[in-house]
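Data block below; observations after.
The values are calculated or read from the model by the stated rules, or taken from the named source; none is laboratory data. Since we're looking at a predicted model, the values are computed, not measured. Cβ atoms come from the backbone with ideal geometry, glycine included; neighbour counts cover every protein chain shown.
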Amino acid sequence: MTQLAITSIVLGAAIIAARLPGIVAPEKFRTHARTFPRSVLWGRILIGVAAVWAGVSVYRAASDDWAWARPLIVIGVPIAYWLVIRFADQFLAVRGTAALLLLVAKVAVDAADRSDVPWRLVVTVLVYFWVCAAVWMAVAPHQLRDWIGVVTANNARCRVACSFGVAIGALLVVLGLFAY
């Protein structure tokens with residue numbers, strides 16, 4: 001199995017897992033989705049994961065000429081995490097999700113770049129949409145909150161939106177299993 005196949009399967013399974021509850025139990029999903037943008041707990045968790053992931057990536061990238069920066073990275077990442085959760089706590093869950101989308105996008109594009117299969121463009125295009133969405137979410141998180149309100153206005157809308165997400169996830173899993 002290639003790295004793109006594994007990446008596609010994992011991304012597809014994650015999308016399906018995130019959207020399937022909206023089809024099975026839309027009322028609970030709607031309640032959770034509407035409270036998510038201002039959730040302090042989810043914000044701290046997502047920003048923490050993003051900080052560790054980014055810190056490890058930057059630490060690994062600091063090779064020979066930048067080896068002197070490694071101690072600064074080890075000290076700076078926890079300080080940056082604390083500063084963010086202390087002073088930028090508005091819509092922290094949305095901004096944490098945006099950061100993780102950007103980090104996942106890098107992994108997916110790197111995997112797609114190593115592949116020669118023409119179907120790799122499906123992952124590449126999807127990931128570039130994620131990058132645009134992540135920038136939008138980081139710049140205007142209140143608009144995402146409003147969009148969530150529109151999409152989860154009733155059970156029918158919630159099921160339709162989540163079905164669309166499950167279909168995209170299923171497409172990625174099928175491509176990972178059979179095309180890549």
Given (1) assigned to a loop (DSSP other than H, G, I, E, B); (2) within 26 Å of Ile168 (Cα to Cα), index of the condition Gln90 fails: (2)
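Among the candidates Val84, Val24, Val117, Val109, which residue alone is over 24 Å from Arg159 (Cα atoms), β-branched (Val, Ile, Thr) and modelled with pLDDT of 95 or more?
Unique residue meeting the criteria: Val109.
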Would you mind telling me which numbered condition in (1) in a helix (DSSP H, G or I); (2) surrounded by 14 or more Cβ atoms within 10 Å (Cβ to Cβ); (3) over 18 Å from the mean Cα position of the chain (by Cα) Ser115 fails? (1)
Considering only segment 107-127, state which residues are out of contact with any Leu (no Cβ under 8 Å at 6 or more places or on another chain) and among the hydrophobic types (A, V, I, L, M, F, W, C). Val107, Val109, Leu121, Val125, Val127
For segment 81-100, enumerate the residues that are buried (at least 20 other Cβ atoms within 10 Å of the Cβ), out of contact with any Lys or Arg (no Cβ under 9 Å at 6 or more places or on another chain) and aliphatic (A, V, I, L, M). Ala98, Ala99
Quick one: Ala134 ticks every box in (1) surrounded by fewer than 18 Cβ atoms within 10 Å (Cβ to Cβ); (2) part of a helix (DSSP H, G or I) except a single one, so which number is it? (1)
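Can you find a residue that is over 20 Å from Thr31 (Cα atoms), free of Cβ contacts under 8 Å to residues at least 12 places away in the same chain, assigned to a helix (DSSP H, G or I) and among the small types (Gly, Ala, Ser) anywhere in segment 143-159? Show your work before the answer.
Going through segment 143-159, the residues over 20 Å from Thr31 (Cα atoms) turn out to be none.
Looking for residues that are over 20 Å from Thr31 (Cα atoms), free of Cβ contacts under 8 Å to residues at least 12 places away in the same chain, assigned to a helix (DSSP H, G or I) and among the small types (Gly, Ala, Ser), one finds none in segment 143-159, hence no.
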Looking for something modelled with pLDDT under 95, of a type in the set (A, V, I, L, M), surrounded by 13 or more Cβ atoms within 10 Å (Cβ to Cβ) and within 29 Å of Gly12 (Cβ to Cβ) - is there at least one such residue anywhere in segment 45-66? yes
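How many residues does segment 131-162 hold that are closer than 23 Å to Trp119 by Cβ and of a type outside the set (Val, Ile, Thr)?
Of segment 131-162, the ones closer than 23 Å to Trp119 by Cβ are 131-133.
Subsequent filtering for residues that are of a type outside the set (Val, Ile, Thr) retains 132-133.
Qualifying residue count, segment 131-162: 2.
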